[in-house]
Structures are given as structure tokens and as C-alpha cells.
Amino acid sequence: MKKDINDRNDLILLVDTFYGRVQENLVIGPIFTDIAKVDWAHHLPKMYDFWESILFGKAVYKGNPMIRHFDINDKAPLQATQFEAWKDIFFTTVDDLFQGENADTIKQKAQSIADLMHFKINSPKPKFPII
Ligand code: HEM
């Protein structure tokens, strides 16, 4: 029986395994390695903070993921195929390593954030903001 995601150390294992797989994935790997040229020593701790904030309500992440992804989208359009690949790798990694209430919650949160991100990125920007 697998354990649940209980603390930051569990998130570190999840995030490290997830981005290891992301780098090898042909659909989204090149966005990280060739286009954004991610500095992993900088990115991974940010992602530990991000998920600790989302899953455990600890306000350790300071950042604005939407702005980062709008920038990435300008260089490499992020469409359904890319989001499906991201979610597929994330869910499989969670399921390979963990099971339980928090494992279910993190998948639901990832799904909601990914879908909202996809929606915002693909919504037309009004020329004159309404509000
Ligand atoms: C098509 C799907 C996605 C792609 C290709 C993608 C790619 C990237 C890349 C290239 C970075 C920049 C890393 C860097 O330069 O340091 C980044 C940052 C980040 N991504 Fe994504 N991402 C995707 C979806 C998501 C989703 C669904 C989430 C959340 C559930 C997410 C959360 C984040 C966060 C929190 C950061 C750090 C932002 C910061 O600088 O504070 N990403 N992503």
C-alpha cells in the first residue's frame, strides 16, 4: 500500500520525479529545455513552495504563474495537446508514488489550475478592458 502525500519531503519527491519525466516528454519537454531553458536549481524549489501553498495552505510561494505562462505561450503556443501531456504526466506520477486523500486533492487542484490556465491563455484579450 502506497503512502499519502504528507509533507514537503513527499512534495519534493513528487516534483523531482514529475519534472524528470517532463524533460523526457516529446510534447512538452522541449518547451522547458530548449525554449524556456529552465534553470532547474531555481525552478524546482519554487515548485516545492507552490505545491506546499496549494496543498497545505502554507503561504510560502511568492510568484505569478499566469504571467510566466503568458510569456511562454508567446514563444511556444500552449494548446490542448500540451496541457493534456502535462496533466497526464502529473496524474501518472502522483499515482505511481502515492495514494490517499492528499494524492486525490493534488490531482484535482492540478486539473483545475491547468484548465483555468488553458482557458485564460486561449481567451481573446479585449482591446479595451471592460473593468
Ligand atoms: C502546457 C503545460 C505547461 C507548460 C509547458 C509549462 C511550462 C512552464 C515553464 C517553461 C516554466 C518556467 C520555468 C522557469 O523558467 O523557471 C513554468 C513555470 C511554472 N509553472 Fe508551468 N507549465 C505548464 C503548466 C503548468 C500548470 C498546469 C501549473 C500548475 C498546476 C504550472 C505551474 C507553474 C509554476 C507555479 C511555475 C513557476 C512560476 C514562477 O516563476 O513563479 N504550470 N511552467
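The values are calculated or read from the model by the stated rules, or taken from the named source; none is laboratory data. Everything quoted here is computed from the prediction, not taken from an experiment. Positions of Cβ are generated from backbone atoms using ideal geometry, with glycine treated the same way; all protein chains shown enter the neighbour counts. Ligands, DNA and RNA are excluded from the accessible area calculation, which covers all protein heavy atoms including side chains. Shrake-Rupley method; radii C 1.70, N 1.55, O 1.52, S 1.80 Å.
Values computed for the structure shown
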{"item": "Helices (runs of 4 or more DSSP H) within the stretch 28-121 that include 2 or more residues under 30 Å from K2 (Cα atoms)", "result": "40-56, 80-97, 101-121"}
{"item": "Cβ pairs under 6 Å, 6+ apart, first in the stretch 1-30 and under 19 Å from I54 (Cβ atoms), second small (G, A, S) and at pLDDT below 95", "result": "none"}
{"item": "Options D10, D34, D39, D16; residue that is closer than 17 Å to Q99 by Cα and either more than 10 Å from the ligand (Cβ to nearest atom) or open to solvent by 70 Å² or more (accessible area, probe 1.4 Å) (or both)", "result": "D10"}
{"item": "Residue that is least open to solvent (accessible area, probe 1.4 Å) [pool: residues in the stretch 54-74 that are more than 18 Å from F119 (Cβ to Cβ) and more than 9 Å from the ligand (Cβ to nearest atom)]", "result": "L55"}
{"item": "The stretch 104-116 residues that are charged (D, E, K, R), paired with ones that are near the ligand (Cβ under 9 Å from one of its atoms) (beta carbon under 6 Å, 6 or more apart)", "result": "K109/I54"}
